[in-house]
Amino acid sequence: MGEPVYEIYAVRYAHHDRKSAENFIGGDAHDASQPLDFFVWAFVGPGGPFVLDTGFDEAMARKRKRTIVKTVRDGLGAIDIDADKVENVIISHMHYDHCGNHDLFPRARYHVQDGEMAYATGRCMCHGQLRVAFEADDVVALVRKVFDGRVTFHDGVDEIAPGITVHKIGGHTKGLQSVRVNTRRGPVVLASDASHLYDHFEQNRVFPITCDIADVLEGYRTLKRLAPSLDHIVPGHDPKVLQRYPAARPGLEGWVVRLDVEPGGR
Ligand SMILES: [Zn+2]
Ligand SMILES: [Zn+2]
């Protein structure tokens, strides 16, 4: 009996224009535009839907000078996922763009790595350089969910449901986890910020926000080990994802794409 298969959707909710040099330690030889897109992901199948990451809201977009293109609620709604009814949310890591919208999933249980909560609440946050992409309100909101009995902690590799596993990668943050989801084309690995762009894991280059470069580079190996091919790895912030994968439904081009089907060329 095989594992259950899921449909996977990438839902784009925000955008940030920037230069390529800002995306790599050591800069970039090409003085090119290389924007980031911001996504949440959803898996639809038995026991689902499951949501990976929660994005940020309009107030945070203003504070961080990012542009929301469509709210997370609307993006999920476009594929008939009612945020009010979602029961399981996986948090890849606790940066502001992955764990905001604190009240969007009132019924959900949140899945996070031990190491990420320890990192976001411990001594590393004494350093401005390490806390730069964290928001105290996000961290406090997740701590409150711990006290409300709504958080499940994971340590390393763990199964969320048959066909869905989390894998601690670290590197970018101490407890960053990527997620592997079984689909009809085999397991697909959602890297989240274990690899912001295709260029990172394909060229072994490193995004400037990191707590451990060695773990980032080992993380690329882990992603490749978990995936049957490079085409089964989905980076966390790459606008190319929207070009390579088909719209989830007619009219959702550039907004919601389907990741459980074979991608087009690069
Ligand atoms: Zn991050
Ligand atoms: Zn991010």
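The values are calculated or read from the model by the stated rules, or taken from the named source; none is laboratory data. This is a predicted model, so every value here is computed, not measured. All Cβ positions, glycine included, derive from the backbone under ideal geometry; neighbour counts span all protein chains shown. Accessible surface areas use protein heavy atoms only, side chains included; no ligands, DNA or RNA. Shrake-Rupley method; radii C 1.70, N 1.55, O 1.52, S 1.80 Å.
So which residues in region 178-215 are among the hydrophobic types (A, V, I, L, M, F, W, C) and open to solvent by 10 Å² or more (accessible area, probe 1.4 Å)? Write out each step before concluding.
Initially, region 178-215 is screened for residues among the hydrophobic types (A, V, I, L, M, F, W, C), giving 179, 181, 188-191, 194, 197, 201, 206-207, 209, 211, 213-214.
Those that are among the hydrophobic types (A, V, I, L, M, F, W, C) and open to solvent by 10 Å² or more (accessible area, probe 1.4 Å): VAL206, PHE207, ILE209, CYS211, ILE213, ALA214.
Cβ-Cβ distances below 6 Å connect the following pairs, each with a first residue in region 91-106 that is acidic (Asp, Glu), a second residue that is near ligand 2 (Cβ under 8 Å from one of its atoms), and a separation of six or more residues or different chains: ASP97/PHE38.
You will find that of LYS224, LYS240, the residue that is open to solvent by 10 Å² or more (accessible area, probe 1.4 Å), in contact with a Phe, Trp or Tyr (Cβ under 8 Å, 6 or more places away or on another chain), of a type in the set (D, E, K, R) and free of Cβ contacts under 8 Å to residues at least 24 places away in the same chain is LYS224 and no other.
Would you mind finding the one in VAL112, VAL132 that is within 16 Å of ligand 1 (Cβ to nearest atom) and either open to solvent by less than 30 Å² (accessible area, probe 1.4 Å) or on the phi > 0 side of the Ramachandran plot (or both)?
Result: VAL112 is the single residue among VAL112, VAL132 that is within 16 Å of ligand 1 (Cβ to nearest atom) and either open to solvent by less than 30 Å² (accessible area, probe 1.4 Å) or on the phi > 0 side of the Ramachandran plot (or both).
Of everything in region 90-111, what is within 16 Å of ligand 2 (Cβ to nearest atom) and in contact with a Ser or Thr (Cβ under 8 Å, 6 or more places away or on another chain)? Give them in sequence order.
Listed by number, the residues that qualify are ILE91, SER92, HIS93, MET94, HIS95, HIS98, CYS99, GLY100, ASN101.
With respect to the conditions (1) open to solvent by less than 50 Å² (accessible area, probe 1.4 Å); (2) under 28 Å from ALA141 (Cβ atoms); (3) touching a helix residue (DSSP H, G or I) at 6+ places or on another chain (Cβ under 7 Å), ARG73 lacks only one, and its number is (1). Determine whether ASP158 is open to solvent by 40 Å² or more (accessible area, probe 1.4 Å), out of contact with any helix residue (DSSP H, G or I) (no Cβ under 7 Å at 6 or more places or on another chain) and within 30 Å of GLY254 (Cβ to Cβ). Considered against the rule, which asks whether it is open to solvent by 40 Å² or more (accessible area, probe 1.4 Å), out of contact with any helix residue (DSSP H, G or I) (no Cβ under 7 Å at 6 or more places or on another chain) and within 30 Å of GLY254 (Cβ to Cβ), ASP158 comes out as no.
Listed by first and then second residue, the pairs with beta-carbon distance under 7 Å, at least 6 apart or on different chains, first residue in region 1-21 and more than 25 Å from ALA247 (Cα to Cα) and in contact (Cβ under 8 Å) with a residue 40 or more places away in the chain, second part of a strand (DSSP E or B) and not small (Gly, Ala, Ser), are GLU3/ASN182.
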